[in-house]
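Trainee: Let me give you the structure first, and then I'll get to my questions.
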Number of protein chains: 2
Amino acid sequence: MNYSNQQSTRQEPAPVPSPATQPASGPLTREELQLAARNHSMPLEALRRDVTPPGLHYVLTHFDIPDLDGSSWHLRIGGAVERALELGMAALRRDPAITVPVTLECAGNGRSLLEPRPLSQPWVLEAVGTAHWTGVPLAYLLGKAGVLPDAVEVVFTGADAGVQGGVPQRYARSLPIREALRPDVVLAYQMNGTDLPPQHGYPLRLVVPGWYGMASVKWLESIEVVKTPFAGFQQEVAYRYQDSADDAGTPVSRIRVRSLMVPPGVPDFFSRRRFLRPGPVMLEGRAWSGEGAVTAVDVGIDGTWLPAHLDKPAGGYAWRRWTLPWVANPGEHVLSCRATDITGATQPLEQAWNFQGMGNNVVQRVPVTVE
Amino acid sequence: MNYSNQQSTRQEPAPVPSPATQPASGPLTREELQLAARNHSMPLEALRRDVTPPGLHYVLTHFDIPDLDGSSWHLRIGGAVERALELGMAALRRDPAITVPVTLECAGNGRSLLEPRPLSQPWVLEAVGTAHWTGVPLAYLLGKAGVLPDAVEVVFTGADAGVQGGVPQRYARSLPIREALRPDVVLAYQMNGTDLPPQHGYPLRLVVPGWYGMASVKWLESIEVVKTPFAGFQQEVAYRYQDSADDAGTPVSRIRVRSLMVPPGVPDFFSRRRFLRPGPVMLEGRAWSGEGAVTAVDVGIDGTWLPAHLDKPAGGYAWRRWTLPWVANPGEHVLSCRATDITGATQPLEQAWNFQGMGNNVVQRVPVTVE
């Protein structure tokens with residue numbers, strides 16, 4: 001088994017096998033529990049923060065976190081370019097840098113709510129986070145290398161290796177040329193002003209604002225410009241909206257509109273049921289969309305929808321804070337929130353199922369007890 | 001419901017109710033999945049690192065992570081002392097500081113392996129981490145305050161509030177005076193050289209080397225010296241070794257001896273099954289004990305035990321690295337590791353059940369496929 005070259009674009013396009021596992025009804029499996037213990041989502045109280053620190057920001061690692069040495073690491077840029085480049089961290093840090101506030105969300109967020117449940121990372125609904133990513137614009141480096149006119153995509157390969165769906169591979173994804181040349185796509189070496197933590201891609205990762213997290217390849221080692229569409233596992237098999245195992249489906253790309261709420265009051269440790277006192281409460285949360293600006297958030301209180309106040313956006317692809325004052329009366333209540341973006345897309349009240357459990361942006365519902 | 005004073009030591013000792021939930025056989029519950037998504041363990045590949053960065057170090061938060069302002073926060077020290085104190089962060093930073101390398105582990109680590117399964121945070125086996133904690137020795141501040149001669153315990157109360165086992169509470173735990181006066185018990189404001197991250201107790205936490213993590217109270221707001229043993233929920237009800245719901249049990253305190261291994265090779269994404277090539281492999285991991293120095297680690301290869309090499313310890317209560325070269329032959333193998341400490345305690349080959357699923361230090365077993 002050779003883990004280092006399985007995703008080479010010189011291979012013939014892979015056939016599209018179905019994932020190894022079929023969706024399951026019923027109990028969570030030991031495999032899902034192991035994944036839930038390894039990877040982590042963002043505790044919802046962290047929605048209070050504009051910026052999510054490491055350890056609160058969601059993390060999904062497909063294989064193992066590589067243990068890379070930033071001083072000897074190099075990035076290779078090649079393929080359909082005029083000049084292949086090989087750059088160390090010192091060289092990259094001398095290039096012009098930008099800082100972009102970006103909300104990243106896992107495409108599988110909400111998967112564990114589906115029935116039957118697609119077997120993969122069993123996210124509930126908080127696989128999200130917002131950070132300030134600092135690094136070199138990808139477009140700048142592609143400009144240095146010189147993209148040939150007949151190039152169609154750019155392939156990004158990380159140092160992380162393993163097996164998925166029976167296929168040995170290094171994690172690799174591509175972007176169409178027009179996305180790769182957007183001015184806000186960044187090769188980031190800092191998160192929130194300090195070197196990337198190991199689990200977020202040290203020493204260098206791609207960050208693609210507006211796309212689900214799978215596009216933002218971590219532990220980046222190679223950028224290859226290609227003249228035919230990339231057919232790697234994470235592009236052709238994983239991360240697709242499919243009706244069934246036999247459906248080729250459509251690729252997952254931009255983040256669907258979504259909002260989440262800081263659950264008010266205090267929790268029960270085990271059930272996470274919320275308890276609060278009667279009286280005025282400021283409900284708050286964040287909303288985001290990879291398709292364009294969030295234009296409205298409606299808050300549901302026992303089924304009655306009220307428009308929330310929206311703060312100014314912090315950036316094109318960073319979440320937007322919303323607030324709504326509520327007077328809590330004793331009893332049992334269900335709170336929810338629902339965002340709409342500039343395209344008119346809004347969150348569904350009932351979730352739609354798909355084979356891999358992708359893009360489930362159903363509205364959050366928070367039952368609370370007011371005592 | 002009053003969340004701010006339920007753990008006051010002026011209360012009568014609480015009766016000992018049984019926890020709300022009985023152990024379960026069978027599928028993981030939605031409540032356990034929610035906890036697994038919120039709290040996170042340490043990916044085992046992070047055992048390669050002497051020091052665990054935030055986001056890789058395990059975190060267990062009973063209630064919500066409080067959003068504290070370090071500039072207005074104050075620590076109160078009172079009770080059976082000659083002089084009550086109230087200190088802000090600026091004052092604490094002027095006091096003498098120490099840095100202690102400490103391995104912290106959750107007392108519930110290994111819980112999900114038990115059958116029937118106690119219902120709480122469903123840890124698999126990696127709820128651990130090692131950090132350098134910097135702050136003021138607790139003994140120094142207790143000396144400043146002057147502990148009265150008839151004091152028996154010190155009670156630590158955090159800012160985190162909620163309900164557990166039906167009891168509204170702020171998280172609170174006590175230490176016997178002799179433990180509180182140990183020179184290495186620290187009121188930490190830094191983790192690995194920078195301000196505590198929110199999830200690790202910002203702006204100040206207790207760190208009790210050698211004890212399971214529940215003793216190291218986060219988001220510390222109050223230290224109260226008491227003349228009668230503290231009877232709060234996290235002392236009298238939770239964190240006990242019990243045979244059944246009716247057994248008063250014995251309190252959980254020091255960390256039982258344990259070792260873990262970096263799983264060799266590369267993983268399958270979903271099953272975490274390991275794959276490696278034939279040939280020499282350096283097996284490695286870490287071992288620790290809260291009872292005293294680790295004196296031996298034995299590595300089991302298909303049931304044959306071999307002594308591992310131990311590196312020099314990094315501190316009295318920090319994990320110790322072990323290594324063992326292995327020549328992997330094609331086929332299926334099971335690797336395991338088993339530590340022994342200076343008291344002669346060693347890890348059990350078969351786990352012992354207890355009602356809350358505490359202190360399960362059964363040996364880790366890693367199935368691998370050599371191709």
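The values are calculated or read from the model by the stated rules, or taken from the named source; none is laboratory data. Since the structure is predicted, the reported quantities are computational estimates derived from the model, not experimental observations. Glycine also receives a Cβ, built like all others from the backbone with ideal geometry; neighbour counts cover every protein chain displayed.
Trainee: Hey, among the residues in the stretch B:53-68 that are in a loop (DSSP other than H, G, I, E, B) and in contact with a helix residue (DSSP H, G or I) (Cβ under 6 Å, 6 or more places away or on another chain), which one's surrounded by the fewest Cβ atoms within 10 Å (Cβ to Cβ)?
Mentor: Result: B:ASP67.
Trainee: Another question about this same structure. Does A:VAL163 count as more than 19 Å from the chain's Cα centre (by Cα) and either surrounded by fewer than 24 Cβ atoms within 10 Å (Cβ to Cβ) or not assigned by TED's automatic domain parsing to the domain that holds A:VAL128 (or both)?
Mentor: Judged against the criteria, A:VAL163 is not a match.
Trainee: Pairs under 9 Å by beta carbon, first residue part of a loop (DSSP other than H, G, I, E, B) in the stretch A:109-122, partner among the β-branched types (Val, Ile, Thr) and modelled with pLDDT of 95 or more, six or more apart or different chains?
Mentor: A:ASN109/A:VAL124; A:ASN109/A:VAL128; A:GLY110/A:VAL124; A:GLY110/A:VAL362
Trainee: Same structure again: A:VAL217 passes all but one of (1) more than 14 Å from chain B (Cβ to nearest Cβ); (2) surrounded by fewer than 23 Cβ atoms within 10 Å (Cβ to Cβ); which number fails?
Mentor: The number of the failed condition is (2).
Trainee: Which residue out of A:VAL128, A:VAL152, A:VAL124 is over 30 Å from A:LEU33 (Cα atoms) and among the hydrophobic types (A, V, I, L, M, F, W, C)?
Mentor: A:VAL152
Trainee: Going by the structure shown, is B:GLN242 assigned by TED's automatic domain parsing to the domain that holds B:VAL217 and within 30 Å of B:VAL81 (Cα to Cα)?
Mentor: Answer is no for this residue.
Trainee: Separate question: Only one of (1) within 16 Å of the chain's Cα centre (by Cα); (2) in a loop (DSSP other than H, G, I, E, B); (3) not charged (D, E, K, R) is not met by B:PRO101, so which one is it?
Mentor: Unmet for B:PRO101, out of (1) within 16 Å of the chain's Cα centre (by Cα); (2) in a loop (DSSP other than H, G, I, E, B); (3) not charged (D, E, K, R): (2).
Trainee: Where residues in the stretch B:254-300 are of a type in the set (Lys, Arg), within 20 Å of B:THR369 (Cβ to Cβ) and in contact (Cβ under 8 Å) with a residue 12 or more places away in the chain, which of them is surrounded by the most Cβ atoms within 10 Å (Cβ to Cβ)?
Mentor: B:ARG274
Trainee: Do any residues in the stretch B:52-79 that are in the same structural domain as B:ALA161 (by TED's automatic domain parsing) and farther than 30 Å from A:PHE270 by Cβ have Cβ atoms under 7 Å from those of residues that are assigned to a loop (DSSP other than H, G, I, E, B) and of a type outside the set (Val, Ile, Thr), where the two are at least six apart or on different chains, and which pairs are they?
Mentor: B:GLY70/B:TYR202; B:GLY70/B:PRO203; B:ILE77/B:ALA84; B:GLY78/B:ALA84
Trainee: Could you figure out which of (1) surrounded by fewer than 16 Cβ atoms within 10 Å (Cβ to Cβ); (2) of a type in the set (Gly, Ala, Ser); (3) within 11 Å of another protein chain (Cβ to nearest Cβ) isn't true of A:GLY146?
Mentor: Of everything listed in (1) surrounded by fewer than 16 Cβ atoms within 10 Å (Cβ to Cβ); (2) of a type in the set (Gly, Ala, Ser); (3) within 11 Å of another protein chain (Cβ to nearest Cβ), A:GLY146 misses just condition (3).
For every residue, the table says whether it meets (1) part of a strand (DSSP E or B); (2) surrounded by 14 or more Cβ atoms within 10 Å (Cβ to Cβ); (3) of a type outside the set (Val, Ile, Thr).
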{"position": "B:GLY70", "(1), (2), (3)": "no, yes, yes"}
{"position": "B:ILE77", "(1), (2), (3)": "yes, yes, no"}
{"position": "B:GLU86", "(1), (2), (3)": "yes, no, yes"}
{"position": "B:LEU92", "(1), (2), (3)": "no, yes, yes"}
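Trainee: Please go through the stretch A:38-52 and give me each residue that is closer than 25 Å to B:LEU113 by Cβ and either more than 7 Å from chain B (Cβ to nearest Cβ) or over 18 Å from the mean Cα position of the chain (by Cα) (or both), ordered by number.
Mentor: Once the filter is applied, which keeps residues that are closer than 25 Å to B:LEU113 by Cβ and either more than 7 Å from chain B (Cβ to nearest Cβ) or over 18 Å from the mean Cα position of the chain (by Cα) (or both), the stretch A:38-52 yields only A:ASN39.
Trainee: Sticking with this structure for a sec: Could you run through the stretch A:181-203 and say how many residues are buried (at least 23 other Cβ atoms within 10 Å of the Cβ) and under 12 Å from A:LEU138 (Cα atoms)?
Mentor: Summing the residues that are buried (at least 23 other Cβ atoms within 10 Å of the Cβ) and under 12 Å from A:LEU138 (Cα atoms) in the stretch A:181-203 gives 4.
Trainee: Could you check, for the stretch B:97-108, whether at least one of its residues is small (Gly, Ala, Ser) and free of Cβ contacts under 8 Å to residues at least 60 places away in the same chain?
Mentor: Yes, the stretch B:97-108 contains at least one residue that is small (Gly, Ala, Ser) and free of Cβ contacts under 8 Å to residues at least 60 places away in the same chain.
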